[in-house]
Amino acid sequence: MNTHDHSCSTCSGHSHPNIPEPHFRPLPGTGTPVIELQGVSFAYDDREVLSSVDLKVSSGDFMAVIGPNGGGKTTLVKLILGLLAPKAGTVRVLGADPLSVRPAVGYVPQHALIQPSFPVTVHEVVLLGLRRKGDLFSTGRWPGYRARDKAKAMETLRMVDMAELATRRFDALSGGQKQRVLVARALVSDPALLLFDEPTSNIDPQGKVCLFDLLSALSSSITIVMVSHDLISASTRISSVAVVNRTLIQNQSRELTPSMLELIYGTHDASCPLDTYIREMSSIFGQAGPRGSI
Ligand SMILES: Nc1ncnc2c1ncn2[C@@H]1O[C@H](COP(=O)(O)OP(=O)(O)OP(=O)(O)O)[C@@H](O)[C@H]1O
């Protein structure tokens, strides 16, 4: 488990000593397919945004999905969640139809889906991740929270180092603190797969380091797929990378191949370790990378 010795307003800046061993669903054996897309195409109306996409994410992977704005990353995430159906091809998650395994997938969206003025506490936001059959969302009746659900939500807040703020209103948190709470909401149902869409939007640089430390610690227990523009923080932790720009190219290592670079920027004739690429881009464009993003 990584440690960090910096001070950070997002977490307490220690090495997450409170993180209990996560009780996630047992990882399928290493190498078992967790996500499989074969020949997937998708169009909004008649405009095709993904074309013949193949993707395989295996148990234990920590994959970054990168690509230019509008390249189809969020659409890909929605297909994996079963929120969109492919026009062609197949999407399998944990060997099944995505909607049927939805409870086994923790999702942290690009934008917090919680209205800023909604008077909900940190603890209650995490409890929202434990929606069950028969609850308010399916019956219209409010059954109240069960004691064991409340305890589970507190345990998950401890994992992300946010238990001390459990009673604070969610809208009174910083961007990085909100993100950690949303991670807890995604983790509280013990998912086998964690999907992040732009996990570091609205977080300051130190908060990003803390968040990636947390993800790095979690990645030994759970398969993680992260759509991100912010590869500087992620680069040392991820195990594989995929580039999406209408089509998709994946690499089981952290190297961006010439064809991946070409898919992002146009012609490239040499492969590039991801760390080198980011270092060079950072020196030219500053820490945010080219145009503020990959
Ligand atoms: N609901 C929608 N209806 C029509 N077109 C859409 C819809 N959602 C996305 N698009 C279009 O589909 C393309 C891919 O969008 P998507 O959000 O998947 O890209 P992205 O790679 O996640 O972009 P970004 O990095 O800017 O978040 C874009 O051209 C976008 O304008």
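None of the figures in this text is laboratory data; all of them are computed from the coordinates on show. Please read all numbers here as calculations on a predicted model, not as lab measurements. Here the Cβ positions follow ideal geometry from the backbone for every residue, glycine too, while neighbour counts run over all protein chains shown.
Of the listed peptides 34-45, 75-86, what is their order by residue-averaged count of other C-beta atoms within 10 Å, with the highest listed first?
Packing proxy ranking, top to bottom: 75-86, 34-45.
Can you compute the FRET efficiency between Thr90 and Asp204 using 1/(1 + (r/R0)^6), with r the Cβ-Cβ distance and R0 = 51 Å? Round to the nearest 0.05.
0.80
Students often get this wrong, so check it: of Lys73/Lys178; Lys78/Lys178; Lys87/Lys208; Lys56/Lys150; Lys150/Lys208, which have C-alpha atoms separated by over 25 Å?
Correct reply: Lys87/Lys208; Lys56/Lys150; Lys150/Lys208.
On full extension of the chain, what length is gained from Gln38 through Arg102, given 0.36 nm per residue of separation minus the C-alpha to C-alpha distance?
Between Gln38 and Arg102, full extension yields an extra 21.1 nm.
Skipping prolines and chain starts, which residues have an amide H placed within reach, meaning under 5 Å, of the one on Leu256, given they are 5 or more residues away or on another chain?
Cys272, Leu274
For Val53, what residues show an amide H to amide H distance below 5 Å, using hydrogens built from the backbone and excluding near sequence neighbours?
Gly39, Val40, Ser41
For Phe118 and Asp46, calculate 0.36 nm times their separation in residues minus their Cα-Cα distance, and state this gained length in nm to one decimal.
22.2 nm
Across segment 84-97, in residue order, what do the Karplus-derived ³J(HN,Hα) couplings come to in whole Hz, using 6.51 cos²θ - 1.76 cosθ + 1.60 with θ = phi - 60° and x for Gly and Pro?
10, 9, x, 6, 8, x, 10, 10, 10, 10, 6, x, 9, 4
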